[in-house]
Amino acid sequence: MPHRTLILGLESSCDDTAAAVVLNGRHILSNIISSQNDLHHRFGGIVPEIASRRHLEMINPVIDEALAKGGVTFGELEGIAVSHGPGLVGSLLVGVATAKALSFALDLPLIAVNHIEGHIYANFLTGAAIIFPILCLVVSGGHTSLIYMRDHGELSVIGRTRDDAAGEVFDKVARALSLGFPGGPAIEKLAQCGDPSAFSFPRALMSEEGKLDFSFSGLKTAVLNFMRREKEKGSVKMEDLAAAFQEAVVDVLVEKTTLALRQYPARQLLLAGGVAANSELRRRMRRRMVEEGVEFISPPPQLCTDNGAMIGAAGYYALRRGRLASPTLNAVSTLALESV
Ligand code: KG4
Ligand code: ZN
């Protein structure tokens, strides 16, 4: 590998069109994100057809901007990395088709990155020295997974949600509260002025000894039913509701992560994915990791949510291992996270 390896990272798995130039898997030269929040806001969730159409319009301008901001030409790149799943298939296809075309036209290696693995690699862009084995908690709109990583490309999913993802529940509760989309930041803001002990919501699967799986649909139903009942009375304070809900999610994430460390010892915990932007989750997880003697690492909030830099970082380490994709690469909406 050359001394200076520049990777173009492309991400279009959901509702953000993103491209970034990353140097040696560690340094961001540019990171451009075209958000679709304005488009989907009024629907209270992502409309897949609208998302893929907007990706198609935005992908080339976003790539041009990433190269310009990074002061890099196509000729200086060493590889094109793209997130090829999991996600919305129509959205993923835009990134995958673009990456394949660029790789063919420029005669550059094509690198396929699992989106969840990409989230973990956002931590490699923080400047922290990562020491394997590590425990990772990825919490996003589509996933809630505990992952034990022994080395690059050697990972096991040791716990996952059996129903809704944590971010999905934030979005659904926010929608019921008419807070728009995405719901996480809005709930977090509301919760800052609320009392988390005002109500008590269920924490699922907490008593099952040793079980590292999550379940959030019972919490969602409990919150929605509670709101329906209390709305009629008109007495409930929305800030308290948001704080009590957020506390229930954070409690489960912190406890399960601690439980996982007992079975899968690690010196570092990496927190990633959109929900990792939540300051209450970061505060509580950091405090618990101090108690456990484990180093807590998490990307800054803007690298927690979907971006191209995390794909570029993961792509660099895949390229170093010679893990190249074939020109027939396809988008896989349900792509599993496996050791490669
Ligand atoms: O990683 P991401 O950008 O996309 C997926 O891969 O799903 O995550 C988006 C999710 C959304 O559900 C959003 O509500 C949630 O992350 N999120 C948050 C916060 N910021 C984003 N959840 C809680 N608190 C936040 N501050
Ligand atoms: Zn994501």
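The values are calculated or read from the model by the stated rules, or taken from the named source; none is laboratory data. All figures in this text were calculated on a predicted structure; none of them were measured in a lab. So basically every Cβ, Gly included, is an ideal-geometry build from the backbone, and we count neighbours across all protein chains shown. Remember, those area values only see protein heavy atoms, side chains included, never the ligands or the DNA or RNA. Shrake-Rupley method; radii C 1.70, N 1.55, O 1.52, S 1.80 Å.
Before moving on, here are some points about what is shown:
- With respect to the conditions (1) in a helix (DSSP H, G or I); (2) small (Gly, Ala, Ser); (3) modelled with pLDDT of 95 or more, Gly87 lacks only one, and its number is (1).
- Residue within segment 296-313 that is closer than 26 Å to Leu6 by Cβ and among the charged types (D, E, K, R) present: yes
- Check on Leu269, at pLDDT 95 or above, touching a helix residue (DSSP H, G or I) at 6+ places or on another chain (Cβ under 6 Å), away from ligand 1 (no atom under 16 Å from the Cβ) and not basic (Lys, Arg): yes
- Matching helices (runs of 4 or more DSSP H) fully within segment 269-340 where at least 2 residues are within 17 Å of the chain's Cα centre (by Cα) and more than 18 Å from Thr98 (Cβ to Cβ): 279-292, 301-304
- Selection within segment 135-157: residues that are away from ligand 1 (no atom under 16 Å from the Cβ) and over 19 Å from Glu255 (Cβ atoms). The member of this set that is most open to solvent (accessible area, probe 1.4 Å) is Arg150.
- Taken together, Arg262, Arg283, Arg323 contain a single residue that is within 16 Å of ligand 1 (Cβ to nearest atom), among the charged types (D, E, K, R) and surrounded by fewer than 20 Cβ atoms within 10 Å (Cβ to Cβ), which is Arg283.
- The requirement of being touching a helix residue (DSSP H, G or I) at 6+ places or on another chain (Cβ under 6 Å), open to solvent by 40 Å² or more (accessible area, probe 1.4 Å) and within 16 Å of ligand 1 (Cβ to nearest atom) is satisfied by Asp163.
- Number of the condition not met by Lys233 [criteria: (1) surrounded by fewer than 20 Cβ atoms within 10 Å (Cβ to Cβ); (2) within 16 Å of ligand 1 (Cβ to nearest atom)]: (2)
- Of all residues in segment 274-291 being more than 16 Å from ligand 2 (Cβ to nearest atom) and touching a helix residue (DSSP H, G or I) at 6+ places or on another chain (Cβ under 6 Å), the one that is nearest to Asn37 (Cα to Cα): Glu280
- Of all residues assigned to segment 211-226, none qualifies as being on the phi > 0 side of the Ramachandran plot, touching a strand residue (DSSP E or B) at 6+ places or on another chain (Cβ under 8 Å), open to solvent by less than 20 Å² (accessible area, probe 1.4 Å) and of a type outside the set (Lys, Arg).
- Given (1) within 24 Å of Ala260 (Cα to Cα); (2) in contact (Cβ under 8 Å) with a residue 40 or more places away in the chain, number of the condition Gly184 does not satisfy: (1)
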